[in-house]
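Here the structure comes first, spelled out in structure tokens, and everything after it is commentary.
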Amino acid sequence: MTAATDRGLPSAEELRALEELAIDVAAEAARFVVERRAAELQVTTKSSDVDIVTVMDSRSQELIAARLRAARPRDAFFGEEEAADGRTDQAPPGTTEPAGSGLTWVVDPIDGTVNYLYGFPQYAVSVALVQGDPTVPGEWRPVVGAVADAVAGRVHHARLRGGAWTRTVDGADEPVHVSDATDLATSLVGTGFGYDAAKRGRQARALAELIPHVRDIRRGGSAALDLCHVAAGRLDGYYEMGINPWDMAGGWIVLTEAGGTCTGAQGEPPSSDCVIAAAPGIAEALTRAVDSVVDLVRHP
Ligand code: LIP
């Protein structure tokens, strides 16, 4: 993966400052979406009747884009949503302007939008800085990440070689580490389902094959938080087929800095095809299990 080199990587000191910026911006946007939820829940649909976007997804992205652009005008921006006024505030990722930094902010303004709509307390704001092109699997990696758990008021964060942490409501940083699980049969595993009904059916068939091999399954509804749950040992593993770079970028670096692994299926890098996150003691077993069912999801 060409992006996995340190060429063009900010210094350790700069990475620390960029991590604080990501924490700050994610926390501010998380407070904003919680405070404005009741008043601003106008919903439209995207790829299907159940793939929704609320006006607050767009407003949160606008807030984040404005903060990051002001602080880091030479970085590219790649967010899930178009701005509320339809103007896309995305500079093509990876192909930054000549004077660009070669770095891209990858942002999910509300991850777990269906949970947000229902008030189900599992939604987050994910802000990550990546090297390489996040639209090309294997050609990018996160170097800074902040996932703000909006309802809990905590921010899970990390920078490359800086370890993984949770910033608590009172501003303290607690270290985060994956579980020491070694047996898949007694492991708690998270997963998720897409917005396309036929694909959800295939994902359910894959899950039916996999569930006899684990302790139990959890469906949280936010990939960003699911990755952070694995990072903190609240889950031993997680897998999903069909999530996007903005869903995974922030949680990916929190997970790997907490000692976990983040891969795709069948030796591939993590991508929309498949993401497998695990504590090291079960990584091989979980990957083998997911590899044996991934084609059920890929092929109608
Ligand atoms: C969600 C993911 C979740 C997945 C949902 C959806 P969104 O992202 O975080 O893991 O199961 O289908 O993709 O749409 O709320 O940003």
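Just the residues that are within 16 Å of the ligand (Cβ to nearest atom) and either in contact with a Lys or Arg (Cβ under 9 Å, 6 or more places away or on another chain) or in a loop (DSSP other than H, G, I, E, B) (or both), please, taken from region 118-141. Reasoning before the result, please.
Our first condition is that a residue be within 16 Å of the ligand (Cβ to nearest atom); within region 118-141, this holds for 118-128, 134.
Result: 119, 120, 121, 122, 123, 134.
For residue 106, are the conditions met, namely being touching a strand residue (DSSP E or B) at 6+ places or on another chain (Cβ under 7 Å), at pLDDT 95 or above and more than 13 Å from the ligand (Cβ to nearest atom)? First the steps, then the outcome.
Numbers: touching a strand residue (DSSP E or B) at 6+ places or on another chain (Cβ under 7 Å): yes; at pLDDT 95 or above: yes; more than 13 Å from the ligand (Cβ to nearest atom): no.
The answer is no for residue 106.
Which of the residues spanning region 172-201 are of a type in the set (A, V, I, L, M) and open to solvent by 30 Å² or more (accessible area, probe 1.4 Å)? I'd like the intermediate steps shown before the answer.
Within region 172-201, the first condition is being of a type in the set (A, V, I, L, M), and the residues that meet it are 172, 176, 178, 181, 184-185, 188-189, 197-198.
Within region 172-201, 172, 185, 188, 197, 198 meet the criteria.
Quick one: would you say residue 93 is within 18 Å of the chain's Cα centre (by Cα) and at pLDDT below 95?
Numbers: within 18 Å of the chain's Cα centre (by Cα): yes; at pLDDT below 95: yes.
So residue 93 fits the description; yes.
It is to be established whether one or more residues within region 279-297 are open to solvent by 20 Å² or more (accessible area, probe 1.4 Å), under 14 Å from the mean Cα position of the chain (by Cα) and not basic (Lys, Arg). Full working, then the answer.
Going through region 279-297, the residues open to solvent by 20 Å² or more (accessible area, probe 1.4 Å) turn out to be 280-281, 284-285, 287-288, 291-292, 295-296.
In the following step, the residues that additionally are under 14 Å from the mean Cα position of the chain (by Cα) were identified as none.
No, region 279-297 contains no residue that is open to solvent by 20 Å² or more (accessible area, probe 1.4 Å), under 14 Å from the mean Cα position of the chain (by Cα) and not basic (Lys, Arg).
Out of the residues in region 212-224 that are outside any loop (DSSP other than H, G, I, E, B) and within 8 Å of the ligand (Cβ to nearest atom), state the one that is nearest to residue 177 (Cα to Cα). Before you say what the answer is, go through the steps one by one.
Kept after step one, since they are outside any loop (DSSP other than H, G, I, E, B), are these residues of region 212-224: 212-213, 216-218, 223-224.
This time we only want the ones that are within 8 Å of the ligand (Cβ to nearest atom), so: 223-224.
On the way: 223: 18, 224: 16 Å.
Looking at the filtered set, the residue picked out is 224.
Identify the residue in region 226-242 that is closer than 19 Å to residue 294 by Cβ and surrounded by 24 or more Cβ atoms within 10 Å (Cβ to Cβ) and, among all such residues, is farthest from the ligand (Cβ to nearest atom).
237
Would it be correct to say that residue 250 is open to solvent by less than 40 Å² (accessible area, probe 1.4 Å), touching a Pro at 6+ places or on another chain (Cβ under 8 Å), part of a helix (DSSP H, G or I) and not aliphatic (A, V, I, L, M)?
Values: open to solvent by less than 40 Å² (accessible area, probe 1.4 Å): yes; touching a Pro at 6+ places or on another chain (Cβ under 8 Å): yes; part of a helix (DSSP H, G or I): yes; not aliphatic (A, V, I, L, M): yes.
Criteria met by residue 250.
Look at residue 295 and say whether it is of a type in the set (Asp, Glu) and in contact with a helix residue (DSSP H, G or I) (Cβ under 8 Å, 6 or more places away or on another chain). If you could, list the steps in order and put the result at the bottom.
On the way: of a type in the set (Asp, Glu): yes; in contact with a helix residue (DSSP H, G or I) (Cβ under 8 Å, 6 or more places away or on another chain): no.
So residue 295 does not fit the description; no.
Filtering region 105-145 down to residues that are among the small types (Gly, Ala, Ser) and within 21 Å of residue 8 (Cα to Cα), which residue is surrounded by the most Cβ atoms within 10 Å (Cβ to Cβ)? If you could, list the steps in order and put the result at the bottom.
Start the filter on region 105-145 by keeping residues that are among the small types (Gly, Ala, Ser), which leaves 112, 119, 124, 126, 128, 132, 138, 145.
Adding the requirement that they be within 21 Å of residue 8 (Cα to Cα) leaves 128, 132, 138, 145.
Values: 128: 32, 132: 23, 138: 16, 145: 34.
Among those residues, the one meeting the criterion is 145.
Which of the residues spanning region 246-268 are within 13 Å of the ligand (Cβ to nearest atom) and of a type in the set (A, V, I, L, M)?
Scanning region 246-268 gives 248, 249.
The values are calculated or read from the model by the stated rules, or taken from the named source; none is laboratory data. None of these values were measured; they are calculated from a predicted model. All Cβ positions, glycine included, derive from the backbone under ideal geometry; neighbour counts span all protein chains shown. To get the accessible areas, we keep the full protein, side chains included, count just its heavy atoms, and leave off ligands, DNA and RNA. Shrake-Rupley method; radii C 1.70, N 1.55, O 1.52, S 1.80 Å.
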